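All remarks here apply to the structure that follows.
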Amino acid sequence: MSLATTEHGIPEAVGGHGSSAHGAAGHGKKGLGNPVLGMLLFIVSEIMFFGGLFAAYFSLRVSAGPWPPEGNEAFLIKEHILFPSILTLLLVISSLTCQIAVWRIRRGDRIGMNRALMLTVILGVVFLIGQLYEYTQLGFGVADGTFGGTFYILTGFHGAHVLGGVLMLGVCLYRGSLGQFSAKHHDMVEASSIYWHFVDVVWIFLFALLYLV
Amino acid sequence: MATTTVRAAGLQGSRLYDYLTTTDHKKIGILYTISSFIFLAIGGLLALGVRTELAQPGLQYMDESVYNQLFTMHASVMIFWVIIPFLAGIGNYIVPLQIGAADMAFPRINALSFWMIPFSGLIAASGFFLGGAADAGWTAYPPLSNITYSPGPGMNLWIMAVILVGTSSILGAVNFLVTVFRMRAPGMTLFRMPIMVWTIIVTSVLVLMGTPVLTSALIMLFVDRNFGGSFFDPTTGGSAILWQNIFWFYSHPAVYIMVLPGMGVISEIIPVFSRKPLFGYKAFVFATAGIGALGFSVWAHHMFTTGSVFLPFFSVMTFLIAVPTGVKMFNWIATMWRGQISLKTPMLFALGFLSMFLIGGINGVFSASVPVDYAVHATYWIVAHIHYVLFGGSFLAIMAGLYYWFPKMTGKMLDEGLGKLHFAIAMIGLNLTFLPMHTLGLMGMPRRIADYSPTAGWNDLNLAASVGGFLVGISTLPLLWNIYISLRNGKDAGPDPWDGNTLEWATSSPPPAWNFDRLPAITSERPLFDARHGRSGSDHA
Amino acid sequence: MRKPAALIALLAMALVVGGCQAAFPPSAVTEEGLLIENLYLLVFVMAAIVFVLVESLIIWSVIRYRRRPSDTSLPAQTHGNLVLEVIWTVIPLVAVVGLFFASSQVLGVVDARKPEEVAVKVEVVGYQWQWKFGYPAEGIEIYGTAQNYPELVVPIDERIEVTLVAQDVNHGFYIPEFLFQRDLVPGKVNHFEFTPNKLGTFTGQCSAFCGLLHHAMGFTVRVVTREEYDAWLVEMAPAPAPSESPVAVDADITAEVKEWSVSLSGASIAAGDVTFGLTNAGNIPHEFIVVRTELSGEELLDQVDAATSRLDEAALDAIGEQPEFSPGETKTLTLSLEPGRYVVLCNIAGHFSSGMYADLEITAN
Ligand code: HEA
Ligand code: HEA
Ligand code: CUA
Ligand SMILES: [Cu+2]
């Protein structure tokens, strides 16, 4: 059995000098840029992180029987679902604007990208403020049994990720306004948008789980 | 990287400053090694504290609370701040060289991951000076680890430190994967990569998928302790078993995180010192991947006695893991078979790994049998298992790697005589310490006890174990001395002292900042062998 | 070459030494334990074969294939051999699958629940850091202390059902000669059944790490004949429950201790000989210490040693104390107290900080 199984055809002629230096820069190779691949891998770990929290949520919810558990019936948040729905909508829209930013820069349209990014950041901030407001309205806290605990740890850490995403996009916006991105070089925008979409998807799961089911 | 050197020069680039600010994977690898050594000293001395107290019945030197801190921190330090970083450090130094890259994909993140390690280590250790370090065992089972039963600050510090060190691993894993997938030299196809690189890939995937889950559990525990959460608090609707499930979902894969790169090291050394290619390269790759995959389906074998897990599934999966590991064991032996073995120190430690890890693996399989585990769980039998796999396995592999790559890292050969002395004392000490623990376990000596009855019949074996523990400790002294003198006036290594097979031996020792001036043709998994003996030499049977 | 040889010799020695009986568990004293013992032997034989085989292959190749000065040309560069690799994949596979089925057989019996065959039901409660053994049907309760371990008495050759309840943290009910242990997990009730088939007293110990005095959670199991067992039951039969007014009549002030509070019938009392009427209204043993201090109980909390979660009694001015007494028990404690401020408390690890204290004012008369 030959070990010389090649990944892309016959081994290239020996490049010699600095062929690896090229590698270091991550250029001269087709496919994803290093930051994008890195972000995708990092998101795998993020999925596992939320996976852990979700696992806790499910096992506690199942073992609790009625949900909210006895004594916590007052916490029924299904009642006032309107506001969080609006937040959800905002986040979904922001995902869209974020993607628009990517499309724009791919076509080299810096102004368009900056506009879209700006919009995304604003929506993100609004979401965060809305989330905080929501917290003040709920009338229960992280210390209120497994219901309060799971609710706040899930939404709280999602919020933290939104904040992280906002900061990332903010940096993109800043660098964008300095005109540091071009149709060729905008890996950071690509990476940040992937992250933003991920955060958005997580929220949709959360929303469905915490408010609807 | 360039930016750093400039800045360093700016501040009249002292060697120290250079290392403190470096983003060069080689220097970072060396930093990892140094930090791991220091933590080894700490973790080891903690262990010697444990052994000193257990040498005879009665509480002679400390009270229970101190003892509990000692064994908890001993394990935490050894796992999170010695073995894992040590292997990450070796990978950091070797992987880019072995795939013919100039550096890691994200040099700055690489530096960040390193600096998180000593920092987090200090946080965890600071508990000793702030009114008591963590003392709930490295497994930190609630409710014991809840605020009610562990009110001290140590537990909180421990949680924060482990979250930090975990984050460092995750960043490192991303870095390794991107580096390996994107920056291989031309011709370095996946199936021509050194096994070391393969094991780092699988390990990184395990880290990526396991460590974040631990982080989530630690955060929930932190909320329970400090913000009145009730995730793991049965008195308020939480579940104590939930912690065990989440913790082991990480911590079993973690044991393979701690051994797979070690197996990679062994798979680099044995072929070189047997002058033969690794037997069954592909089988080895698949076995590694198989262990990684199975590793996520056996966690509850740590919970057989809780009466809350589905026993048959986890039992059979645990048994199955013996098979891919066996494949590796036999591949190593077949590699030596009909070879020309030279017993240089790296090879000695590799052989030590084979025979000691064999013991650790086999006594692990005992526990895979649920009823047998009912008998040996939470006894010193398990402590014996832990150390035959982690010390006899991971740690000996690390030592083998250290002796093997030291010449590459420093340009100096280590002294063979001192190396063999280190090996001999370590092996005797290791077996003197941990072999008797099997018997102690069967006799019913539980783990994690600060004191035992003088009439239980455990005295002699405990004394033997304590003597052995100190032997192991002493065995590190020839190593340190060896490193010291070799650095000062060791023999020059030259680029390729061992007739190596892989790319790291194609460049000078130590390599230049950019690693390679030119790369040999890469047409098999042994480019340097081919360069030495011609492609024909490595025709595939 | 010399070094590995020496090492191998040592290993072999250690193994031979180990080999004779040190490598085997104590002979079991229950029917279930016997099965586990045999299973252990089976696994051990398998393990021994694997160990000897692999270890000797290693040693052999090291000795036989050492590089000699004459070895100038390369050895044959074999990269693999499919047949061999299949063989050493399949054989271990068969071996472990075999072991799995053998284990499952035994497991089925060891974990079996047969309510109809159960002759004696006992309840084991674990708490930091001792045990309560209860015989619900007979109304017998036995509390252990670190000083004298509790003893579980069971009749031979009858099926015993054990119910395991954890009061605070995880504990482990482990008897080496049963070759068995099962955890006590808070918020979850565990069970197991066993059939002792050897007379005698067997020591057990807590196997799940439960904090400070984990090592002090010892106990014994005494297996007796049916006759002895019945006699023991009679002897242990609870004395007719303490009268409705449990507190001794001549008490000047009464104190009720339980988890987690100490409640006095009054906040102050005149100096002189004071008799406390004590009742343990809790589920675990408590103690009662009278401490003279200018601080209030609240303020004393700061002095709890985080490590031991107790107050350092040496540092306290303890006037007198009623040592650990069991739930339901009543005691009287008479002390002569000068006027001043006092705190009464229970200083068993964790109890004081959990709220077991009350302030007491002694007034001049
Ligand atoms: C490097 C770390 C490492 C490694 C590699 C392993 C490997 C294995 N471990 Fe271990 N384990 C630990 C570290 C490790 N373990 C630690 C730290 C704990 C304690 C945690 C704590 O509670 O503190 C633990 C605990 C632990 C338990 C829980 C025991 C208990 O608490 O009751 C179990 C139970 O099944 C187990 C099983 C195994 C098995 C089956 C393997 C297998 O992977 C071993 C496979 C290898 C071989 C079998 C040898 C080579 C194979 C052959 C030669 C083929 C032929 C063999 C046969 C046919 C048998 N381990
Ligand atoms: C890689 C992991 C690792 C390593 C290497 C070791 C090494 C050792 N371990 Fe440990 N151990 C664990 C992982 C490890 N251990 C784990 C996971 C547990 C479970 C904990 C728990 O239950 O929660 C455990 C538990 C454990 C126990 C059981 C405690 C208990 O249950 O009550 C004991 C008891 O003897 C013990 C002993 C030892 C000894 C004597 C060594 C010796 O090998 C150490 C020898 C000493 C050194 C190697 C250091 C020597 C260095 C110097 C003297 C200074 C020189 C300077 C430099 C080196 C820079 N260990
Ligand atoms: Cu109770 Cu350990
Ligand atoms: Cu495991």
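A quick yes/no check of all residues on (1) within 11 Å of chain A (Cβ to nearest Cβ); (2) among the basic types (Lys, Arg):
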| residue | (1), (2) |
| --- | --- |
| B:Phe176 | yes, no |
| B:Phe181 | yes, no |
| B:Thr189 | yes, no |
| B:Arg192 | yes, yes |
| B:Ile195 | no, no |
| B:Val205 | yes, no |
| B:Met209 | yes, no |
| B:Leu214 | yes, no |
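Being in contact with a Ser or Thr (Cβ under 6 Å, 6 or more places away or on another chain) and either without any contact (Cβ under 8 Å) to a residue 40 or more places away in the chain or within 16 Å of ligand 4 (Cβ to nearest atom) (or both) is true for just one of B:Gly100, B:Gly89, B:Gly137, B:Gly131. Which residue is that?
One residue alone meets the criteria, B:Gly137.
Being under 30 Å from A:Ile105 (Cβ atoms) and either more than 23 Å from the chain's Cα centre (by Cα) or within 13 Å of chain B (Cβ to nearest Cβ) (or both) narrows it down to one residue among A:Leu138, A:Leu178, A:Leu163; which is it? Lay out the reasoning, then the answer.
Values: A:Leu138 fails: under 30 Å from A:Ile105 (Cβ atoms); A:Leu163 fails: either more than 23 Å from the chain's Cα centre (by Cα) or within 13 Å of chain B (Cβ to nearest Cβ) (or both).
Every option except A:Leu178 fails the conditions.
I'd like to verify a number: residues in segment B:226-249 that are open to solvent by 10 Å² or more (accessible area, probe 1.4 Å) and more than 7 Å from every other protein chain (Cβ to nearest Cβ), how many?
Of the residues in that region, 6 qualify.
Taking B:Phe357 as meeting all but one of (1) modelled with pLDDT of 95 or more; (2) open to solvent by 10 Å² or more (accessible area, probe 1.4 Å); (3) within 13 Å of ligand 1 (Cβ to nearest atom); (4) within 10 Å of another protein chain (Cβ to nearest Cβ), write down the number of the exception.
Every listed condition holds for B:Phe357 apart from (4).
With segment C:161-242 as the region, which strands (runs of 3 or more DSSP E) entirely inside it contain at least 1 residues that are facing chain B (nearest Cβ under 8 Å) and basic (Lys, Arg)? Break it down into steps so the answer makes sense when it comes.
On the way: elements: C:171-175, C:180-184, C:190-194, C:200-206, C:218-224.
Output list reads C:180-184.
If we scan segment C:203-218, do we find a residue that is more than 16 Å from ligand 3 (Cβ to nearest atom) and either modelled with pLDDT under 95 or closer than 30 Å to B:Tyr374 by Cα (or both)? Give the derivation first.
Taking segment C:203-218 as the starting set, the residues that turn out to be more than 16 Å from ligand 3 (Cβ to nearest atom) are none.
Among the residues of segment C:203-218, not one is more than 16 Å from ligand 3 (Cβ to nearest atom) and either modelled with pLDDT under 95 or closer than 30 Å to B:Tyr374 by Cα (or both), which makes the answer no.
So, of the residues in segment C:126-135 that are away from chain B (no Cβ under 13 Å) and open to solvent by less than 10 Å² (accessible area, probe 1.4 Å), which turns out to be nearest to ligand 1 (Cβ to nearest atom)?
Initially, segment C:126-135 is screened for residues away from chain B (no Cβ under 13 Å), giving C:130-135.
Restricting the remaining residues to those that are open to solvent by less than 10 Å² (accessible area, probe 1.4 Å) gives C:130-131, C:133-135.
Numbers: C:Gln130: 24, C:Trp131: 22, C:Phe133: 25, C:Gly134: 28, C:Tyr135: 31 Å.
So, considering only residues that are away from chain B (no Cβ under 13 Å) and open to solvent by less than 10 Å² (accessible area, probe 1.4 Å), the one nearest to ligand 1 (Cβ to nearest atom) is C:Trp131.
Determine if segment B:392-413 includes at least one residue that is facing another protein chain (nearest Cβ under 9 Å), crowded, with 24+ Cβ neighbours inside 10 Å and either touching a Gly at 6+ places or on another chain (Cβ under 6 Å) or modelled with pLDDT of 95 or more (or both).
no
Yes or no: segment B:1-15 includes at least one residue that is open to solvent by less than 40 Å² (accessible area, probe 1.4 Å), modelled with pLDDT of 90 or more and small (Gly, Ala, Ser). Show your work before the answer.
So in segment B:1-15, the residues open to solvent by less than 40 Å² (accessible area, probe 1.4 Å) come out as B:4, B:8.
Checking the rest, the ones that are also modelled with pLDDT of 90 or more come to none.
Looking through segment B:1-15, none of the residues is open to solvent by less than 40 Å² (accessible area, probe 1.4 Å), modelled with pLDDT of 90 or more and small (Gly, Ala, Ser).
Have a look at C:Ile289, C:Ile284 and point out the one that is in contact (Cβ under 8 Å) with a residue 24 or more places away in the chain, under 28 Å from the mean Cα position of the chain (by Cα), closer than 30 Å to B:Pro153 by Cα and not in a strand (DSSP E or B). Show your work before the answer.
On the way: C:Ile289 fails: not in a strand (DSSP E or B).
One residue alone meets the criteria, C:Ile284.
From (1) within 30 Å of B:Leu190 (Cα to Cα); (2) surrounded by fewer than 24 Cβ atoms within 10 Å (Cβ to Cβ), pick out the condition that doesn't hold for B:Ile94.
Failing condition for B:Ile94: (2).
What are the residue pairs meeting all of these: first residue in segment A:170-183, first residue open to solvent by 30 Å² or more (accessible area, probe 1.4 Å), second residue part of a loop (DSSP other than H, G, I, E, B), Cβ atoms under 8 Å, and 6 or more apart or on different chains?
A:Arg175/A:Phe181; A:Ser182/A:Gly108; A:Ala183/A:Arg107; A:Ala183/A:Gly108
For segment B:415-424, which positions are more than 10 Å from every other protein chain (Cβ to nearest Cβ), assigned to a helix (DSSP H, G or I) and either without any contact (Cβ under 8 Å) to a residue 60 or more places away in the chain or touching a Lys or Arg at 6+ places or on another chain (Cβ under 9 Å) (or both)?
The initial filter retains those residues of segment B:415-424 that are more than 10 Å from every other protein chain (Cβ to nearest Cβ), namely B:415-419, B:422.
Narrowing the set further to residues that are assigned to a helix (DSSP H, G or I) leaves B:416-419, B:422.
Listed by number, the residues that qualify are B:Glu416, B:Gly417, B:Gly419.
Exactly one of these conditions fails for B:Ile147: (1) in a helix (DSSP H, G or I); (2) of a type in the set (A, V, I, L, M, F, W, C); (3) open to solvent by 10 Å² or more (accessible area, probe 1.4 Å). Give me its number.
(1)
What's the total number of residues in segment C:38-59 that are crowded, with 21+ Cβ neighbours inside 10 Å and more than 8 Å from chain B (Cβ to nearest Cβ)?
0
Being farther than 25 Å from B:Ser36 by Cβ, outside any loop (DSSP other than H, G, I, E, B), within 16 Å of ligand 2 (Cβ to nearest atom) and touching a residue at least 24 places away in the same chain (Cβ under 8 Å) narrows it down to one of B:Leu435, B:Leu471, so name that one. If you could, list the steps in order and put the result at the bottom.
Working: B:Leu471 fails: farther than 25 Å from B:Ser36 by Cβ.
Exactly one of B:Leu435, B:Leu471 is farther than 25 Å from B:Ser36 by Cβ, outside any loop (DSSP other than H, G, I, E, B), within 16 Å of ligand 2 (Cβ to nearest atom) and touching a residue at least 24 places away in the same chain (Cβ under 8 Å), namely B:Leu435.
Identify all residues within segment C:323-365 that are under 26 Å from the mean Cα position of the chain (by Cα) and either of a type in the set (D, E, K, R) or assigned to a strand (DSSP E or B) (or both); write none if there are none. Steps first, please.
Of segment C:323-365, the ones under 26 Å from the mean Cα position of the chain (by Cα) are C:323-329, C:346-356.
Selection gives C:Pro323, C:Glu324, C:Phe325, C:Glu329.
B:Val323 fails exactly one of the following numbered conditions: (1) in a helix (DSSP H, G or I); (2) more than 13 Å from ligand 1 (Cβ to nearest atom). What is the number of that condition?
Here B:Val323 clears every test but (2).
Criterion first (closer than 30 Å to C:Arg66 by Cα and over 20 Å from the mean Cα position of the chain (by Cα)) does B:Thr410 satisfy it?
Details: closer than 30 Å to C:Arg66 by Cα: yes; over 20 Å from the mean Cα position of the chain (by Cα): yes.
Judged against the criteria, B:Thr410 is a match.
What's the number of the condition B:Tyr452 fails, among (1) in contact with an Asp or Glu (Cβ under 9 Å, 6 or more places away or on another chain); (2) outside any helix (DSSP H, G or I)?
Result: B:Tyr452 passes all but (1).
Starting from residues that are open to solvent by 10 Å² or more (accessible area, probe 1.4 Å) and more than 8 Å from every other protein chain (Cβ to nearest Cβ), keep the ones in segment B:97-108 and report whichever is farthest from B:His25 (Cα to Cα).
Looking at residues that are open to solvent by 10 Å² or more (accessible area, probe 1.4 Å) and more than 8 Å from every other protein chain (Cβ to nearest Cβ), I get B:Arg108.
Within segment B:292-309, track down each residue that is among the hydrophobic types (A, V, I, L, M, F, W, C), away from every other protein chain (no Cβ under 12 Å) and either away from ligand 4 (no atom under 13 Å from the Cβ) or outside any helix (DSSP H, G or I) (or both).
The answer is B:Ala293, B:Val298.
For segment B:338-395, what are the residues that are within 16 Å of ligand 3 (Cβ to nearest atom) and among the polar types (S, T, N, Q)?
Step one: list which residues in segment B:338-395 are within 16 Å of ligand 3 (Cβ to nearest atom), which gives B:377-380, B:382-383.
Once the filter is applied, which keeps residues that are within 16 Å of ligand 3 (Cβ to nearest atom) and among the polar types (S, T, N, Q), segment B:338-395 yields only B:Thr379.
The values are calculated or read from the model by the stated rules, or taken from the named source; none is laboratory data. Here the structure is a predicted model, which is why all the values come from computation and not from measurement. Positions of Cβ are generated from backbone atoms using ideal geometry, with glycine treated the same way; all protein chains shown enter the neighbour counts. Side chains included, ligands, DNA and RNA excluded: accessible areas come from the protein's heavy atoms. Shrake-Rupley method; radii C 1.70, N 1.55, O 1.52, S 1.80 Å.
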